[in-house]
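Data first, discussion second: the structure below is written as structure tokens.
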Amino acid sequence: MRFRRALAVALTLFACAPGLAAQTGAPVVAAASDLKFALEEAAAQFRKVSGREVKLVFGSSGNFYRQIEQGAPFQLFMSADENLVFKLAGAGKTEDRGALYATGRIVLFARSGSPLSVDAELAGLKSAVAGGTIRRFAIANPEHAPYGRAAQQALSKLGLWESLKGRLVLGENVSQAAQFAASASAEGGIFAYSLALSPQVAKLGTFVLIPENLHEPLRQRMALVTGAGESARAFYRYLQAREAREIFKRYGFTLPGE
């Protein structure tokens, strides 16, 4: 229970309330939850070099898309699915079609003590499903979380979706899926490589990268929401600079142009 509580704290999701920007004086950034550890580090560095603050709110890209459509007070949207940014740009909700900032990967994760073994060929997963040793398996909800959709695609290509779908524990976003996979809630799961690389999660189990050809590319794009202020613009520029790119790279993201 102790490690579960620690992980829950590490993966705390922040709720965005109306008027938050006015209360803090900082622009609110709506960020896909796979960015939690990387973006917190980048924001801390941005504060050191610029003296400016940003408020980070993490959740599923699909939910943020709907909130921005309805006028939520975000100034920057960092989506795990670039198509959501394109849709908002077409509706005039963002200043333009933004910039690709990273491409993500997914991993198969097994918590410590789990009967699930992880390997590059995913033979352990197939064996565990066939043997019925997996009672619960965690992914993000594919209906609104891009990483959940990628997990569904991978499981379908492996011929495991039908066997597993009745045993799924669905996270509201990929951070919650990671929390479930690393706790007693499940024997394992599929979630973002960037979360698996964080010390808070890596110490709780083992993981392996899932081959990229098993799912559509997780092309992640950001854009300034229409009416964004100067601090949000400065952070947007900073995230495309060398220092921020190095942070993303350390958390397993593939960067545009590399």
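Brief remarks follow.
- Cross-link partners of Lys36 among lysines, defined as those whose alpha carbon lies under 29 angstrom from its own and excluding same-chain residues fewer than eight positions apart: Lys48, Lys55, Lys87, Lys93, Lys157, Lys165, Lys203, Lys249.
- Stretch gain in nm, segment Thr103-Arg233, where the contour uses 0.36 nm per residue and the Cα spacing is subtracted: 44.6 nm
- In this simple spin-label model, placing a label point 7 Å from the Cα along the Cα-to-Cβ direction at both Lys249 and Ala123 gives a separation of 3.5 nm.
- Stokes-Einstein D in µm²/s, Kirkwood radius over Cα pairs - the chain at 4 °C with 1.567 mPa s viscosity: 70
- Ascending count of other beta-carbon atoms within 10 Å, so fewest first, for Glu41, Glu258: Glu258, Glu41
- Exposure proxy for Val28, Val201: other Cβ atoms within 10 Å of each Cβ, ordered fewest to most, give Val28, Val201.
- Normalising the average separation of contacting C-alpha pairs (under 8 angstrom, six or more residues apart) by the number of residues puts the relative contact order of the chain at 29 percent.
- Between Gln240 and Leu209, the FRET efficiency estimated from the beta carbon spacing at R0 = 25 angstrom works out to 0.45.
- Paramagnetic reach from Arg135 (point 7 Å along Cα→Cβ, amide N under 12 Å) across the range 112-126: 115
- Put simply, the range 104-214 fits an ellipsoid with semi-axes of 17, 16, 14 Å; these come from the alpha carbon gyration tensor as the roots of five times its eigenvalues, largest first.
- Average Cα contact separation per residue, the range 104-214, under 8 Å, 6 or more apart, as relative contact order %: 42
- Highest average first, the peptides 121-130, 191-200 ordered by how many other beta carbon atoms sit within 10 Å of their residues are 191-200, 121-130.
Taken together, the values in this text are just the output of simple stated rules run on the coordinates, not laboratory data. Owing to the predicted nature of the structure, the values given are computational and were not obtained by experimental measurement. Every residue, glycine as well, gets a Cβ built from its backbone with ideal geometry; the counts of neighbours run over all protein chains shown.
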